[in-house]
Amino acid sequence: MDKYYFSTMASRMRRSEIRELLKLTRQPGTISFGGGLPDPNIFPRKAVEEAAVRAIREQGNLALQYSPTEGEPFMKEEAAAFMTRLGDEISAEEIIVVSSSQQALDLLSKVFIDPGDAVIIERPSYVGALQSFRAFGAEFHGVDIDSEGIIPSALEEKILELRKADKKARFIYLIPDFQNPSGINLSIERRKQVIEIASRHNILIVEDSPYRELRFEGELLPSVRSLDKEGRVIQMKTFSKIFVPGFRIGWLSAPPEVLDKLVMSKQSTDLCTSAFVSMISGYLLKDGHIEKQIEISKEVYVKKCRTMLDALEKYMPELEGLSWSKPEGGMFLWVRLPEYMDTLEMIPDAVEAKVAYVIGSAFYTDGSGKNTMRLNYSYPSHEQIREGIKRLAGIVEKREAARSGAKD
Ligand SMILES: Cc1ncc(COP(=O)(O)O)c(C=O)c1O
């Protein structure tokens with residue numbers, strides 16, 4: 001007899017494959033390219049300490065009280081000013097503070113997804129979003145991306161295909177900047193086309209953009225939200241990648257009717273985001289520390305990215321079908337191995353060699369991407385990057401040798 005009677009939703013929940021695989025590689029000496037973690041050596045501890053003292057001294061008990069579900073007005077004002085400085089004009093009334101983007105994804109799922117509802121996603125897409133949408137019973141409809149991001153013609157075809165089946169997507173989930181996992185940017189032309197298509201078919205767009213500001217080459221692209229004229233875009237921002245993930249803070253902008261529902265949804269989730277962290281964040285935004293941290297992060301990550309690219313060039317064998325992305329920003333590099341290789345099957349070798357990566361198939365909902373992997377370069381040191389890539393290249397060589405041996 002079953003001891004516990006779980007809800008249908010609980011039965012739909014899955015553990016994140018990334019988190020499960022990363023557990024395997026948490027032994028001492030393992031070099032991890034697995035997580036999407038910022039470099040802790042650049043965390044601005046002094047600035048945080050000063051802002052925390054200020055929050056207590058200047059905000060007093062307000063910093064230690066519950067805050068409105070919509071968020072601390074001070075934080076909202078400063079977040080709006082920050083966005084406006086970055087060219088994404090917005091007012092405090094248009095946003096709510098959330099406990100980081102993962103909460104925003106959960107709230108959006110609660111508000112928009114009933115079991116069986118169609119959601120359009122990029123192929124591949126962020127595993128944490130898929131996890132959240134799946135728990136609420138979403139039916140995934142993936143649209144391919146190429147070097148310029150989601151393919152507009154394929155998107156429209158997908159929408160029409162859904163319409164034929166008498167279905168309509170609840171939203172299109174996009175990660176337009178340094179997409180997780182592929183690192184690809186949605187070109188400006190395509191951003192406009194996606195908005196046009198969404199408008200033609202009256203579908204909402206969810207823009208999840210934690211990495212946008214971490215651009216170390218080329219110009220910052222306008223956000224999808226800033227290009228939209230109809231209030232069709234829900235935009236999510238977070239401190240996690242541009243400042244520190246430990247704050248668990250971010251914000252979300254949406255049309256007023258949607259914000260209202262999201263606020264109700266947040267009330268039953270956690271009442272409000274921490275007032276103390278919100279006040280600290282407000283000071284850090286106001287005093288320009290977030291912009292400073294973005295500059296420091298870019299300087300550090302561009303060098304680490306180059307070290308990884310050089311190491312791949314140096315150590316990886318020359319094989320047909322083996323390629324990797326050349327990031328212009330963000331935290332990830334996407335590696336494609338020959339079709340006959342399977343990065344999941346390579347995990348035991350990786351555990352033995354003490355190197356961790358994320359299997360590409362975790363980012364697909366249809367089992368594809370078996371020959372791909374995501375590598376993070378922001379967290380490991382330069383030395384670890386060189387050594388880790390050497391280990392990874394050894395695994396690829398071993399697989400290739402076993403295959404050639406089997407053919408002989
Ligand atoms: C695309 C994307 N969205 C959302 C998140 C969640 O970030 P957080 O909850 O830390 O803000 C991540 C984290 O890796 C991400 O890559």
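The values are calculated or read from the model by the stated rules, or taken from the named source; none is laboratory data. Predicted model, so just to flag it, every value in this text is computed and none were measured. Cβ: placed from backbone, ideal geometry, glycine included. Neighbour counts: every protein chain shown. Side chains are part of the model used for accessible areas, which takes the heavy atoms of the whole protein and leaves out ligands, DNA and RNA. Shrake-Rupley method; radii C 1.70, N 1.55, O 1.52, S 1.80 Å.
For 8, 69, give me the order by solvent-accessible area with a 1.4 Å probe, most accessible first, ignoring ligands, DNA and RNA.
8, 69
Counting only heavy atoms of protein chains, what accessible area per residue, in Å², does the chain have with a probe of 1.4 Å?
45
Can you tell me which lysines have their Cα less than 29 Å from the Cα of residue 304? Leave out same-chain residues fewer than eight positions away.
23, 46, 237, 241, 292, 314, 326, 354, 370, 390, 398
Would you please put 364-372, 115-123, 103-111 in order of how densely packed they are, using the mean number of other Cβ atoms within 10 angstrom per residue and starting with the highest?
103-111, 115-123, 364-372
How large is the helix-only mean residue ellipticity at 222 nm for the chain, computed as the sum of -39500 (n - 2.57) over DSSP H runs with n ≥ 4, divided by its residue count, in deg cm²/dmol to the nearest 500?
Estimated from H runs of four or more residues: -14000 deg cm²/dmol.
Have a look at 394, 246, 329 and tell me which one the Gaussian network model of the chain (Cα, springs below 10 Å) gives the largest fluctuation.
Judging by the Gaussian network model, the answer is 246.
Counting only protein heavy atoms, what percent of the accessible surface of the stretch 249-394 is carbon or sulfur at a 1.4 Å probe? Kindly include the intermediate steps, with their values, before the conclusion.
Working: 3010 of 5930 Å².
Within the stretch 249-394, the accessible surface is 51 percent carbon and sulfur.
For residue 358, list long-range residues whose amide hydrogen, built 1.01 Å from N in the peptide plane, is under 5 Å from its own amide hydrogen.
Hits under the 5 Å cutoff: 374.
Report ³J(HN,Hα) in whole Hz for each residue of the stretch 124-129, in order, from the Karplus equation J = 6.51 cos²θ - 1.76 cosθ + 1.60 where θ = phi - 60°; Gly and Pro get x.
Coupling constants for the stretch 124-129: x, 9, 5, 4, x, 6 Hz.
What size of dipole, in debye to the nearest 20, comes out for the chain about its Cα centre when the only charges are +1 on Lys and Arg C-beta atoms and -1 on Asp and Glu C-beta atoms? Could you put the intermediate results ahead of the total?
Working: 55 positive and 60 negative charges, 167 e Å.
For this selection, approximately 800 debye.
For the stretch 147-299, what ratio Rg/Rh do Cα atoms give with a Kirkwood hydrodynamic radius?
Numbers: Rg = 17.2 Å, Rh = 17.2 Å.
A ratio of 1.00.
Against the longest alpha carbon principal axis of the chain, how many degrees, from 0 to 90 and to the nearest 10, is the axis of helix 152-164 turned?
Between the helix axis and the principal axis of the chain, the angle is about 80 degrees.
Report, as a whole number in µm² per second, the diffusion coefficient that Stokes-Einstein gives for the chain at 20 °C and 1.002 mPa s using the Kirkwood radius over alpha carbon pairs.
For these conditions, the coefficient is 96 µm²/s.
Grab the Cα-Cα distance for residue 85 and residue 62, subtract it from 0.36 nm times how many residues apart they are, and report the gain in nm with one decimal.
Full-extension gain reported as 5.6 nm.
Could you list which residues have their amide H under 5 Å from that of residue 139, counting only those 5 or more apart in sequence or on another chain, with H placed in the peptide plane?
For residue 139, whose amide H was placed from the backbone, the distant partners under 5 Å are 116, 117, 118, 119.
Multiply the residue separation of residue 148 and residue 27 by 0.36 nm, subtract the distance between their alpha-carbon atoms, and state the gained length in nm to one decimal.
Gain in length upon complete extension: 39.8 nm.
Scan around residue 251 for amide H atoms under 5 Å from its own, H built in the peptide plane at 1.01 Å from N, and keep only partners 5 or more places away or cross-chain.
Under 5 Å from the amide H of residue 251: 98, 237, 238.
Using a cut-off of 11 Å between beta-carbons, work out the net charge of the residues near residue 77 (Lys and Arg +1, Asp and Glu -1, residue 77 not included).
Residues near residue 77 contribute -1 overall.
Taking the Cα atoms only, what angle lies between the long axis of helix 256-270 and the longest principal axis of the chain, rounded to 10 degrees?
80
Provide the percentage of antiparallel DSSP beta bridges, counting only those with both residues in the chain; round to the nearest 5.
Percentage antiparallel, nearest 5: 55.
In degrees between 0 and 90, to the nearest 10, how far off the longest principal axis of the chain does helix 382-407 point, with axes built from Cα atoms?
With both axes taken from Cα atoms, the answer is about 40 degrees.
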